[in-house]
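Below is one structure, written out as structure tokens; the observations come after it.
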Amino acid sequence: AQTVTQSQPEMSVQEAETVTLSCTYDTSESDYYLFWYKQPPSRQMILVIRQEAYKQQNATENRFSVNFQKAAKSFSLKISDSQLGDAAMYFCAYSWGKLQFGAGTQVVVTP
Amino acid sequence: EAGVAQSPRYKIIEKRQSVAFWCNPISGHATLYWYQQILGQGPKLLIQFQNNGVVDDSQLPKDRFSAERLKGVDSTLKIQPAKLEDSAVYLCASSLGQIRGVVSETQYFGPGTRLLVL
């Protein structure tokens with residue numbers, strides 16, 4: 001069975017600083033997809049970034065980038081130049097036929 | 001482009017009552033998903049539709065939960081009778097579809113329905 005582990009329940013970052021969220025997963029598959037979703041207090045899940053496992057290049061979306069280490073089954077998210085609007089719960093998700101989520105990391109942004 | 005629509009946004013019921021949620025996916029999206037998200041946890045897939053058919057309902061408590069997707073567009077999720085542990089946010093998501101059995105298309109989520117069972 002595939003599992004997704006986010007070991008940091010909460011991370012705090014100051015505005016304009018950088019924070020990195022960790023995620024590890026377990027799978028025996030070679031072709032799969034990984035996602036980071038953001039969930040603000042409104043509870044709507046918003047896609048932040050996605051990574052195809054067959055691509056070696058790390059995905060980047062503006063201030064958000066990932067460090068994908070396939071052999072280590074690690075998929076961390078880096079938020080650069082943090083803004084107050086980045087405060088939310090962040091979920092790592094693995095997909096191979098079914099999307100499976102981790103428990104989430106709460107990001108707190110302080111002025 | 002309109003996003004995934006869900007209604008109602010909030011619902012409070014007493015245990016043993018019934019409740020229904022509605023979802024309208026993004027136009028053209030063949031795959032529709034219902035998730036249950038209990039407070040403090042990540043979403044858990046309840047059921048997945050591909051057009052009219054059910055692809056996966058392995059985690060749907062079929063003794064009390066039911067879902068349908070008539071005409072391959074809108075979907076409803078029903079709980080009857082509700083239990084206290086059904087209190088959660090119910091998220092609907094849609095995607096273009098699956099390729100080679102892998103969810104290669106991104107899932108887009110609706111705003112969710114918050115259910116409180118008293």
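The values are calculated or read from the model by the stated rules, or taken from the named source; none is laboratory data. This structure is a prediction, so every number in the text was calculated from the model and none was measured. A quick note on method: Cβ atoms are made from the backbone with ideal geometry, for glycine too, and the neighbour counts reach across all protein chains shown. All accessible areas refer to the heavy atoms of the entire protein, side chains included, with ligands and DNA or RNA removed. Shrake-Rupley method; radii C 1.70, N 1.55, O 1.52, S 1.80 Å.
For chain B, what ratio Rg/Rh do Cα atoms give with a Kirkwood hydrodynamic radius? Display every interim value, and only then the final one.
Details: Rg = 13.6 Å, Rh = 14.2 Å.
Ratio of gyration radius to Kirkwood radius for chain B: 0.96.
Given springs between every Cα pair under 10 Å in a Gaussian network model of chain A, which of A:LEU99, A:LEU34, A:LEU77 has the largest fluctuation?
Maximum fluctuation in the GNM of chain A, among the listed residues, is at A:LEU99.
What pairs in B:LYS15/B:LYS71; A:LYS38/B:LYS71; A:LYS98/B:LYS83; B:LYS15/B:LYS78; A:LYS38/B:LYS15; A:LYS38/B:LYS78 have C-alpha atoms more than 24 Å from each other? Numbers along the way, then the final one.
Numbers: B:LYS15/B:LYS71 31 Å; A:LYS38/B:LYS71 31 Å; A:LYS98/B:LYS83 26 Å; B:LYS15/B:LYS78 14 Å; A:LYS38/B:LYS15 31 Å; A:LYS38/B:LYS78 27 Å.
Over 24 Å apart, Cα to Cα: B:LYS15/B:LYS71; A:LYS38/B:LYS71; A:LYS98/B:LYS83; A:LYS38/B:LYS15; A:LYS38/B:LYS78.
Summing Lys, Arg as +1 and Asp, Glu as -1, what charge do residues with Cβ under 15 Å from the Cβ of A:ASP26 carry, A:ASP26 excluded? Mind showing how you got there, number by number?
Numbers: positive: A:LYS70, A:LYS73, A:LYS98; negative: A:GLU29.
With Lys, Arg at +1 and Asp, Glu at -1, the net is +2.
Quick check for you: with a 1.4 Å probe and neighbouring chains kept, what is the accessible area per residue of chain B, in Å²?
Values: 5710 Å² over 118 residues.
The answer is 48 Å² per residue.
Show A:SER28, A:SER65 ordered by accessible area, largest first, where the area counts protein heavy atoms only and the probe is 1.4 Å. Please list the in-between numbers first.
On the way: A:SER28 110, A:SER65 25 Å².
Sorted descending by solvent-accessible area, the residues read A:SER28, A:SER65.
Anything losing 10 Å² or more of accessible area from the isolated chain to the full protein assembly: pick those residues out of segment A:31-47, probe 1.4 Å, ligands and DNA/RNA ignored.
At a threshold of 10 Å² (probe 1.4 Å), the residues of segment A:31-47 that become less exposed are A:ASP31, A:TYR33, A:PHE35, A:TYR37, A:GLN39, A:PRO41, A:SER42, A:ARG43, A:GLN44, A:MET45, A:LEU47.
Considering every Cα-Cα pair within chain A, what fraction, in whole percent, is farther apart than 18 Å? Spell out each step's value before the answer.
Working: 2701 of 6105 pairs.
Summing the P(r) tail past 18 Å for chain A gives 44 percent.
Considering only the other residues whose Cβ falls under 11 Å of the Cβ of B:GLN48, what net charge follows from Lys and Arg at +1 and Asp and Glu at -1?
Details: positive: A:LYS98, B:ARG69; negative: B:ASP56, B:ASP57.
Cβ neighbours under 11 Å give a net charge of 0.
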